[in-house]
Amino acid sequence: MSKLFKSLVAGTVLSVGLAIGSAGEAKAVSLTGSATITADNHYGFFYGDKDGNSLNFVGRNELGAKGSEGTYNWSRPESWKFNVDSQDYLYMVVWDDQSVDETWLGEFNFSTGQSGVSKNLLSKATDWEYMISKSANPFSLRNTVKIEDRDKGFLAAGDKFEGNVPKNGELAQEIQTGNWIGAINRGANIRSTGPWGQIAGISQNAQFLNVTTADRQQRGTSKNTNYTIFRTRSTVGELSGLPPKSVPEPTTAFGLAALGLIGATSLKKRKVKLG
């Protein structure tokens, strides 16, 4: 058997092996995302991998208790545009001002940008999990932050600064060592859900999710000394119904490999005839 023929056969066998090994393997799809979010009292919105090693910051709400449009910072939601991989997770980092009550609410939309298919993901207890941080509530650290080190954002005249979004390094450590549990539903986004009522611009099917870090009977007190991190229970693609692409199935892979073998055999025959 000639060296050329051996090389062709070996290459085809290798192709078969690689095709079988990668058949059905999921590949991330780039998605165009939008989000409409609010929180009582503050949030930082991120996306990234499950372990928090590659967090990407999207945005936060007002720096103080007063809203840029509504009476309170939670009265009107913020809207964000971003690009995300279908295999990424969403994160909400939420903290409170240790008074009255606390929650967050959101609606997220994703599309592939190719087929025009668009899917929604809501703040629902079935789709999110959360953990309570070991690090301090940013509200309790507010007076230690220099003016020049404050997050960029809206602060109403006469309003008081209520803390920075925790940094990526701190969040990654919390995410990797935290005790993750199922989110708690405080009620649907309808008028009867107090004390917030219905938030305009977000689906009525979205749920206010509990962010209290103290005992459930201790909402809105100085005992809320930590913050909460929420994470989608699965990837954006799986939860929104936009699954990632897959490489060719085994039948397709074998078909391609077979063509390689036929080509190699033909070349061998031609060489014999010419010789």
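Work through the residues other than residue 151 whose Cβ is under 13 Å from its Cβ and net out their charges, Lys, Arg +1 and Asp, Glu -1. Numbers along the way, then the final one.
Details: positive: 60, 142, 146, 150, 152, 167; negative: 62, 148, 149, 162.
Combined, the nearby Lys, Arg, Asp and Glu give +2.
For the stretch 144-216, the calculated P(r) over all alpha carbon pairs, in 10 Å bins from 0 to the bin holding the longest distance, is 14, 27, 38, 22, 0 percent.
Of the cross-linked pairs 27/124; 124/167; 119/152; 152/223; 27/119; 50/134, which ones have a Cα-Cα span greater than 21 Å in the structure shown? Before the final figure, lay out each step's value.
On the way: 27/124 27 Å; 124/167 26 Å; 119/152 31 Å; 152/223 28 Å; 27/119 19 Å; 50/134 19 Å.
Over 21 Å apart, Cα to Cα: 27/124; 124/167; 119/152; 152/223.
For residue 31, the residues whose modelled amide H falls within less than 5 Å of its own, excluding neighbours fewer than 5 places apart on the same chain, are 84, 85, 86. Distance from the alpha carbon centroid of the stretch 91-160 to that of the stretch 165-193 works out to 9 angstrom.
Could you please rank 139, 108, placing first whichever residue has the fewest other Cβ atoms within 10 Å of its Cβ? Present the calculation step by step, with values, prior to reporting the outcome.
Working: 139 20, 108 26.
Fewest-to-most ranking of 139, 108: 139, 108.
Take the Cα atoms of the stretch 29-160, build their convex hull, and give its volume per residue in Å³. Don't jump to the answer; show the numbers that get you there.
Details: hull volume 17.8 nm³, N = 132.
Measuring per residue, one finds 135 Å³ for the Cα hull of the stretch 29-160.
When ranked by the protection proxy of mean other Cβ atoms within 10 Å per residue, highest first, what sequence do the peptides 143-152, 172-181, 84-93 form? Walk me through the numbers before you get to the answer.
On the way: 143-152: 9.5, 172-181: 14.5, 84-93: 22.8.
Most protected by this proxy first, the peptides run 84-93, 172-181, 143-152.
Starting from 0.36 nm per residue, how many nanometres of slack lie between residue 100 and residue 156 once their C-alpha separation is accounted for?
Working: separation 56, 0.36 × 56 = 20.16 nm, distance 2.06 nm.
Extending this stretch completely gives an extra 18.1 nm.
3J(HN,Hα) along the stretch 202-208: 10, 3, 5, 7, 5, 10, 6 Hz, from the Karplus curve 6.51 cos²θ - 1.76 cosθ + 1.60 with θ = phi - 60°, whole Hz, x for Gly and Pro.
Readers should treat all values here as calculations from the given coordinates under stated rules, not as data from a laboratory. On a predicted model such as this, the values are computed, not experimentally measured, just so you know. Ideal geometry is used to build each Cβ from the backbone, glycine not excepted, and the neighbour counts take in all protein chains shown.
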